[in-house]
There are 2 protein chains.
Amino acid sequence: MLKPDNQEHTAACAHIGRMLARISDKWTLLVVQVLGRGPLRFNALRREVGEISQKVLASTLRELEENGFVSRTVTPVTPPQVEYALTDLGRDFLEPVRGLAEWVVANSARMDAARAAYARRRGHG
Amino acid sequence: MLKPDNQEHTAACAHIGRMLARISDKWTLLVVQVLGRGPLRFNALRREVGEISQKVLASTLRELEENGFVSRTVTPVTPPQVEYALTDLGRDFLEPVRGLAEWVVANSARMDAARAAYARRRGHG
DNA sequence: TATCTTGGTTTCCAAGAGGAACCAGCTTAC
DNA sequence: GTAAGCTGGTTCCTCTTGGAAACCAAGATA
């Protein structure tokens, strides 16, 4: 049994944890970031994202739709046309995501250096 | 074959993607966020993070160490004592991660509302 | 002697991710 | 007229990953 203070603290952290877990799987952040450049159709999005499989892109998009980050607009022409775009919530979310992406771009050299140093330590450790 | 412009563009995105993928698994961001409050030993960290298994926490920490975000300090006493702490790089990384966490805290109501709306649409759709 | 501690690793099983094939509904090519 | 191809998926199968639980060393404690 935890003290009330700790309980509150832990509950808040668990909440952050759940939300963070909901958005930080392998592809979600990347998809949000790509859609931040503009709406895209399924296969165009897939090409932009890179090596994602259809199945995983579909489920990632469904989850993003469920969380209210992206909208899915079907135009019943032939061939079918399904456009994915960020919602207001998704665009707001883009701000911290871009912060993350920019940090990654700015610091990838440091990350690579750290990996190299680790490999050296491990290599002749 | 892509045009040079696109190739450059795609290469940069792939790079962001790789880096983003490296840090955005289920637990990494959360562990970084928790360690941002101060160094912790393995089991203390595990209790703070919540429902993570030992195996996954161990591998998450190894990867964070590999990327240069956390340091691992072993004190050879008995029982063994292993302290994990953010490095300079990890502390720098904390800034965008906190941005994300704060956004999540500030907008969790909107996320929940979107989920509820989606469930309603699906419920009697 | 038996048990508890710490920080893991190993084992086993279920869940998830990925590749490939398939599908519908229409268009184009041969 | 029939075969192939486009779209946006779904289904099937496999392989990797995640999680629970057991095990481990090396001492402290009872």
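The values are calculated or read from the model by the stated rules, or taken from the named source; none is laboratory data. On a predicted model such as this, the values are computed, not experimentally measured, just so you know. Here Cβ is always computed from backbone atoms with ideal geometry, including for glycine, and neighbour counts include all displayed protein chains.
Report those helices (runs of 4 or more DSSP H) wholly inside the range A:1-52 carrying at least 1 residues which are at pLDDT below 75.
Ranges flagged: A:4-23.
Can you say whether A:VAL97 is closer than 30 Å to B:ARG72 by Cα and facing another protein chain (nearest Cβ under 10 Å), as far as the supplied structure shows? Don't jump to the end; show me each part of the working.
Values: closer than 30 Å to B:ARG72 by Cα: yes; facing another protein chain (nearest Cβ under 10 Å): yes.
So A:VAL97 fits the description; yes.
Any chance the range B:82-89 includes a residue that's more than 16 Å from DNA strand D (Cβ to nearest atom) and assigned to a loop (DSSP other than H, G, I, E, B)?
Yes, that holds for at least one residue.
Which residues, taken from the range B:64-74, are outside any strand (DSSP E or B) and more than 19 Å from A:VAL105 (Cα to Cα)?
In the first step, residues of the range B:64-74 are kept if they are outside any strand (DSSP E or B); the result is B:64-69.
Selection gives B:GLU65 alone.
If you check B:ARG120 against the conditions, is it out of contact with any Phe, Trp or Tyr (no Cβ under 8 Å at 6 or more places or on another chain) and farther than 19 Å from A:LYS26 by Cα? Steps first, please.
Details: out of contact with any Phe, Trp or Tyr (no Cβ under 8 Å at 6 or more places or on another chain): yes; farther than 19 Å from A:LYS26 by Cα: yes.
Yes: the conditions hold for B:ARG120.
May I ask you to list the residues in the range B:33-71 that are within 13 Å of DNA strand C (Cβ to nearest atom), polar (S, T, N, Q), more than 18 Å from A:ARG18 (Cβ to Cβ) and surrounded by 13 or more Cβ atoms within 10 Å (Cβ to Cβ)?
B:SER59, B:SER71
Can you pull out the residues in the range A:21-42 that are under 17 Å from B:LEU100 (Cα atoms) and more than 9 Å from chain B (Cβ to nearest Cβ)?
Listed by number, the residues that qualify are A:VAL31, A:VAL32, A:GLY36.
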